[in-house]
Structure formats: C-alpha cells, structure tokens
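Read-outs throughout are calculated quantities, based only on the coordinates presented, and are distinct from any laboratory measurement. Owing to the predicted nature of the structure, the values given are computational and were not obtained by experimental measurement. We place every Cβ from the backbone using ideal geometry, glycine too, and count neighbours over all the protein chains shown.
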Amino acid sequence: MKVVIVGPAYPYRGGIAAFTDRLAKEFVDEGADIEVFTFELQYPSLLFPGKTQYSESDAPDAFKIARKVNSINPLNWRKVGRELMEKAPDLVIFAYWMSFFAPGYSKIARIVKRNGHTKCIGLIHNMIPHEKSALDKLFTPGFVEAMDGFVTLSQSVLADVASLDKAGKPKCCVPHPLYDHYGEIQDRQKSINELGLDGDFRYLLFFGLVRAYKGLDLLIDAFADQRLRKYPLKLVIAGEFYDDPKPYLEQIENRGLKDFVVVNNQFIKDNEVKYYFNAADMVVQPYKSATQSGVTQIAYHFEKPVLVTGVGGLKEIIPDGKVGYVVEPDPKAIADALVDFYDNDRYEFFVEGVREEKQKYRWSKLTDAVKNLL
C-alpha cells in the first residue's frame with residue numbers, strides 16, 4: 001500500500017508532529033510504502049506563540065520526510081496537489097487539528113482525487129479547536145467535504161466530526177496509541193538525579209505546553225490544600241508557557257507554594273521526557289476542556305498513574321479507581337484525589353492497573369482502522 005501523510009512532522013516539534021512520525025514508522029514496520037509531506041512553512045512566525053517551531057532531536061531515518069506544504073500559499077497548494085495526484089498513492093492521510101490549515105488541506109485533497117484512484121482520510125486530532133476562532137465555521141466544512149473518511153482519537157471528537165459531516169462518510173474512533181518512543185522505564189532516583197531534584201521529596205507532574213484550557217491554575221489551587229503539606233511532596237511543571245507565565249508564578253507565590261513547586265518553562269526535549277515521567281508518582285491533567293491528550297499516553301508508556309478531569313475524551317481512557325482518578329475540574333476535587341492517593345498509598349495498585357490497561361493502545365490498531373476505511 002502506498003501512503004502519504006500530510007501534516008506536521010520532523011523538523012517540527014510538538015505532540016502532533018511526534019504522532020505523525022510514530023504513525024509513519026508503524027506503516028513502515030507493516031511493509032507499507034510511506035512518505036510524509038510536512039510543511040515548508042507551518043505557521044508564520046507572527047502567529048506562533050512559542051520560542052521555536054523546530055525540534056532539537058535527530059531526524060527519523062525509517063521513512064522519507066519532504067518539506068513541501070506552505071500553509072498560506074494557494075499556489076503551493078495547487079503544486080502539492082498535482083504532485084500527489086501524479087504519485088497516485090492509495091491513500092493520503094491529512095493530520096488535522098485546527099481550521100487554519102483547512103483551506104490548504106481541502107485544495108490539495110480535491111486536486112489529488114482527480115486521478116480517480118487516491119482516497120483522502122482526515123486523521124482528526126481536534127475537529128473544533130480548544131481556542132475557537134471565526135475561521136472555524138468558515139473553513140472547517142470545506143475540509144470535511146473534501147475528505148473521503150475520518151479517523152478520530154476520541155469519541156468526543158468523533159461526535160464533533162459527525163455533526164459536521166452531512167454526507168455520512170465512513171468514520172471511526174481509535175483511542176490515541178501509546179507514545180512509546182521517549183525511552184524506557186528506569187530507576188526513579190536516577191531520573192531525579194538527572195533533573196537535579198531533591199531525592200527526599202515525592203513528585204507530581206504537570207507536563208506539556210501551558211495553555212489556559214489545560215487548567216494549571218486549578219492544579220496550583222489544589223496543591224495549596226494544607227492537607228498535602230504533611231507529605232514530602234512537590235509539584236513539577238515541565239513545559240513551555242504559551243500563556244503569560246506571570247499570573248501562574250504570582251499564584252504560586254500568593255498561595256505560599258514557592259518552596260513546593262518546580263517550574264521548568266521550556267519545551268522538553270525528546271531525550272529528557274523520560275526523566276520527568278520516571279521521577280513522578282503521578283501525572284496530573286486538570287484540563288478545563290479537552291479532546292484527548294498525548295501526555296496520558298506517555299504516562300501509560302512509563303506506567304504512571306494519572307489524574308484527569310472528566311472533560312472531553314480524557315475520561316474515555318482513564319478507568320477511575322483502576323489507573324488513577326477522574327474528577328471534576330475543581331481544585332477541591334483535585335486535592336481530594338491527591339490526598340486519597342497518598343493517604344491510602346495507592347501508587348503500586350494503580351501501576352498494576354496501568355500495566356494492564358496500556359495493552360489496549362497499540363499503533364497497529366490505528367493502521368488497521370485506516371486500512372479498513374480504505
């Protein structure tokens with residue numbers, strides 16, 4: 001099978017680029033002829049909130065990545081569409097997560113399908129963005145119309161797609177597979193030493209880009225609960241702030257948490273991810289809204305308990321009381337769960353649950369679903 005994936009990939013950084021790279025590797029392992037068309041321009045620098053769009057990791061070597069797509073140039077969309085039309089792959093997969101990319105994706109797909117052979121599938125990370133804009137209603141329907149089918153990573157996103165797909169095209173949901181490419185499980189103390197943390201403390205982890213919808217403010221308020229001060233416990237916040245960090249830092253100061261919170265305001269390199277997860281007792285995702293999260297699947301890979309709020313697709317893959325907690329997006333509810341975790345020494349019990357549950361999230365389930373749609 002000849003497959004082309006269009007979307008973020010190396011040298012771009014971030015969860016969706018990592019997803020594309022790992023999916024391409026799975027296709028290679030299964031014997032597919034796979035190529036990735038990523039961006040020559042993903043975001044104009046004016047629109048990008050972070051320090052850099054680019055990864056410092058090594059390039060994947062198992063498949064070809066071509067920087068072809070310009071997100072804002074209609075002439076480029078025609079050129080890429082014609083190139084793919086002539087290549088005539090069996091399938092083009094468009095990695096979709098926001099309406100900014102919908103016009104280019106739509107144009108490319110419509111041109112590709114003129115060859116009468118290639119099918120186009122939308123791999124939908126988010127159908128309706130966390131941070132909505134006027135572009136969503138304008139551009140998203142055209143993308144949905146241009147696709148032949150859809151794969152989503154949570155039931156909540158599948159429902160979003162179904163609400164927009166008036167033609168009833170083939171679609172399915174496959175839960176986000178494990179992010180298993182960040183290294184192996186290793187000794188907690190070694191990881192703590194690598195991070196320069198104090199081995200006399202236990203650690204909770206908030207990981208990933210900091211944006212308002214991820215609810216870090218809720219977690220800081222929860223962590224200020226005085227019941228947690230009886231434990232030798234610290235909170236690690238590891239990830240680049242896409243929001244202004246000042247309100248969060250002031251909140252930490254005002255809540256008397258300066259000595260109990262470690263903040264690393266930078267994008268975590270791939271080869272450092274393992275240290276943060278191996279050092280932690282539990283990963284906390286106090287999101288106010290969500291679809292699904294790759295952070296959860298990194299936690300599963302490293303066999304760490306997870307606390308999530310019951311929003312979007314997060315609750316779909318966290319059995320409450322087996323691998324961690326599903327709570328309301330409320331500081332008191334989050335704090336109650338943290339207290340229960342340590343008061344009742346639930347770490348080993350939850351780890352056993354994670355080891356069982358993680359078996360459900362193989363990459364082959366996603367490639368099988370794609371082949372079934374095709």
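Tell me the label-point distance for the pair Asn115, Glu348, using the 7 Å Cα-to-Cβ offset, in nm and rounded to one decimal.
So the two model labels end up 5.7 nm from each other.
Which log10 I(q)/I(0) values does segment 2-173 give at q = 0.13, 0.17, 0.19 Å⁻¹ under the Debye formula, counting every alpha carbon as one identical point scatterer?
-0.60, -1.09, -1.39
Report, largest value first, the span of the C-alpha coordinates of segment 79-187 along each principal axis, in whole Å.
54, 33, 24
Select from segment 48-123 those GluC sites (Glu not before Pro) which occupy a DSSP coil region and have at most 11 other Cβ atoms within 10 Å, ordered by residue number. Could you put the intermediate results ahead of the total?
Values: sites: Glu56, Glu83, Glu86; in loops: Glu56.
Within segment 48-123, the qualifying GluC sites (Glu not before Pro) (loop, at most 11 other Cβ atoms within 10 Å) are Glu56.
When the Debye formula is applied to the Cα atoms of the chain, each taken as the same point scatterer, what base-10 log of I(q)/I(0) results at q = 0.08 Å⁻¹?
Results for the chain at q = 0.08 Å⁻¹ read -0.41.
Based on alpha-carbon atoms only, what is the radius of gyration of segment 188-268 relative to the globular estimate 2.2 N^0.38 Å?
1.07
Run the simple label-point estimate for Ser57 and Leu135 please: 7 Å along Cα→C-beta, distance reported in nm.
Those two pseudo-labels are separated by 2.5 nm.
Under the rule of -39500 (n - 2.57) per DSSP H run of 4 or more residues, summed and divided by the residues of the chain, what mean residue ellipticity at 222 nm is obtained, to the nearest 500 deg cm²/dmol?
Taking each H run of at least 4 residues, the total per residue is -11000 deg cm²/dmol.
Using a Gaussian network model on the chain with a 10 Å cutoff between Cα atoms, which of Gly208, Gly196, Gly353 fluctuates the most?
Gly196
Cβ neighbours within 10 Å, averaged per peptide: list 92-100, 234-242, 176-184 in order, most packed at the top. Walk me through the intermediate numbers first.
Values: 92-100: 23.0, 234-242: 20.6, 176-184: 18.2.
Per-residue mean Cβ counts within 10 Å order the peptides as 92-100, 234-242, 176-184.
Could you check the simple spin-label distance between Ile185 and Phe201, using points 7 Å along Cα→Cβ, in nm with one decimal?
The modelled label-to-label distance comes out at 2.6 nm.
Among residues other than Glu250 whose Cβ falls under 12 Å from its Cβ, what is the net charge (Lys/Arg +1, Asp/Glu -1)?
Neighbour charge sum, excluding Glu250 itself: 0.
Please find, in a Gaussian network model of the chain (springs between Cα atoms separated by less than 10 Å), the residue of Ser133, Ser293, Ser106 whose mean-square fluctuation is greatest.
Ser133
Order by neighbour count: Ile185, Ile334, fewest other Cβ atoms within 10 Å first, most last.
Lowest count first: Ile185, Ile334.
From the C-alpha coordinates alone, can you work out the Kirkwood hydrodynamic radius of segment 188-360, in Å? Let's see the in-between values first.
Values: mean 1/r = 0.0628 Å⁻¹.
Hydrodynamic radius (Kirkwood, Cα only) of segment 188-360 equals 15.9 Å.
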